[in-house]
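**Q** I am attaching a structure below and will ask some questions about it afterwards.
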Amino acid sequence: MNDLKNALIKAQEDVRANCPMAPSITNFVTIDFVANAQIAVGGSAAMVYMPDEGGAMAEISKCLYINVGTLIPVHAETVPNAAKAAHEKCAYVLDPVAAGMGELRTKLLTDMKDYPPAIVRANASEVITLAKMWGLIDTDEGKVRGVDSTESVESAREAAETLARFIKGAVCVSGKDDLITDGERTILSFGGSEYFARITGSGCSLGGVCAVYHSVTDPFTAAVAATNAYNVAGAMAEKKAEGTASFKVAFLDALSNMTGDDLAACPMKEI
């Protein structure tokens, strides 16, 4: 575990030193939170809407973030254009929000098998559903309830590991405890706060922060760094919070003060 801890420390130092921009196509409900979380950990944010913007951003960035929540018609062009460009020129993080719901979302996610992301960040149901969509597993599990999971993190381990091996990257399954895997190495990260389930955008912004860290390090280290940052900052913010609004402010403050040593000190267990 010492090698991972050292990599986490270096990742945080590199993000602070380089301020990498990680452009996002993200859920309209969470744009502000995604951008502010990316900035708080030391990165830079840019929001992408139009079909020609994703390719341009892939030319000047090392990692994009693509979230398929709250889709509108223009996303039928914008999402695949950005994903293809990022796959060819840099990398991207995928958040398959509400995977399996609706024709457009299903088509977009199904087609991404041909130009896969470097990191998938999702809840258990979404991870299982995406792995099923891509023909990687055969199961009746994985139904989603809106953006919420109906499965446990533990139940998604096989799907997550299989998916990670396919994309040759990392999968982060968010839940009460978080599972991160590259298909060979799998860990649990502990901490966070119950407030995450009571605010909009904690998962979406985590995906955006994964993209910031992947701009300076490998997919597995990036996914662990982002997850640990959230678990540490969430626990710190909960101690100060008087409710959901004050939690969000305290959480962003905690992220903005995050150090590499904080990331390395987050409780983790290899499984």
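Readers should treat all values here as calculations from the given coordinates under stated rules, not as data from a laboratory. These numbers were taken from a predicted model, which means no experiment stands behind them. A quick note on method: Cβ atoms are made from the backbone with ideal geometry, for glycine too, and the neighbour counts reach across all protein chains shown.
**Q** So how far apart, in nm, are the two label points at residue 271 and residue 77 if each is 7 Å from Cα heading toward Cβ?
**A** 4.4
**Q** If you restrict to DSSP beta bridges whose two residues both lie in the range 2-270, what percentage is antiparallel, to the nearest 5?
**A** 45
**Q** Cα extents of the chain along the three principal axes, largest first, in whole Å?
**A** Cα spread of the chain along its principal axes, largest to smallest: 42, 39, 37 Å.
**Q** Residue 197 to residue 261: extension gain in nm, 0.36 nm per residue of separation minus the Cα-Cα distance?
**A** Length gained between residue 197 and residue 261: 20.4 nm.
**Q** List the residues whose amide H sits under 5 Å from the amide H of residue 115, counting only those 5 or more places along or on another chain, with H placed 1.01 Å from N in the peptide plane.
**A** Here nothing satisfies the definition.
**Q** Neighbour counts of other C-beta atoms within 10 Å: give me 251, 190, 28, 220 arranged from fewest to most.
**A** 28, 190, 220, 251
**Q** Any idea which of 61, 179, 109 is furthest toward the positive side of the dipole for the chain, if Lys and Arg beta-carbons carry +1 and Asp and Glu beta-carbons -1?
**A** The listed residue farthest towards the positive side: 61.
**Q** Take residue 70, project a point 7 Å from its Cα along the Cβ direction, then tell me which residues of the range 1-45 have their backbone nitrogen under 14 Å from it.
**A** 25-36
**Q** Mind putting a number on the dipole of the chain about its Cα centre? Charges go on the C-beta only, +1 for Lys and Arg and -1 for Asp and Glu, and I need it in Debye to the nearest 20.
**A** It comes to approximately 180 debye.
**Q** Which residue, 194, 161, 13, has the most motion in a Gaussian network model of the chain that connects Cα atoms within less than 10 Å?
**A** So, out of 194, 161, 13, the one fluctuating most is 194.
**Q** Would you mind getting me the FRET efficiency between residue 190 and residue 52? Use the beta-carbon distance for r and R0 = 35 Å, nearest 0.05.
**A** Numbers: r = 42 Å, r/R0 = 1.21.
Computed FRET efficiency for residue 190 and residue 52 comes out at 0.25.
**Q** Picking from 132, 84, 239, which is most flexible by a Gaussian network model of the chain using Cα springs under 10 Å?
**A** The residue that fluctuates most here is 239.
**Q** At 0.36 nm per residue, minus the direct Cα-Cα distance, what do residue 245 and residue 106 gain on full extension? Give it in nm, one decimal, please. Kindly include the intermediate steps, with their values, before the conclusion.
**A** Working: separation 139, 0.36 × 139 = 50.04 nm, distance 3.35 nm.
Contour length minus Cα-Cα distance gives 46.7 nm.
**Q** Helix-derived [θ] at 222 nm for the chain: sum -39500 (n - 2.57) over DSSP H runs of at least 4, divide by residue count, nearest 500?
**A** Value at 222 nm, helices only: -15500 deg cm²/dmol.
**Q** Using a Gaussian network for the chain with springs between C-alpha atoms less than 10 Å apart, which of these wobbles most: 228, 81, 123?
**A** Judging by the Gaussian network model, the answer is 81.
**Q** Show the residues, 5+ positions off or on another chain, whose built amide H is closer than 5 Å to the amide H of residue 178.
**A** 189
**Q** Still on this structure, I have one more. If you stretched the chain out fully between residue 17 and residue 2, how much longer would it get, using 0.36 nm times the residue separation minus the C-alpha to C-alpha distance? Mind showing how you got there, number by number?
**A** Working: separation 15, 0.36 × 15 = 5.40 nm, distance 2.26 nm.
Fully extending the segment from residue 17 to residue 2 adds 3.1 nm.
**Q** What ranking do 213, 230 get, fewest neighbouring Cβ atoms within 10 angstrom at the top?
**A** Starting with the residue having the fewest Cβ neighbours, the order is 230, 213.
**Q** Could you give each residue of the range 125-131 its phi-based ³J(HN,Hα) in whole Hz, using Karplus coefficients 6.51, -1.76, 1.60 with θ = phi - 60°, and x for Gly or Pro?
**A** Once θ is set to phi - 60°, the couplings for the range 125-131 become 4, 5, 5, 4, 5, 5, 4 Hz.
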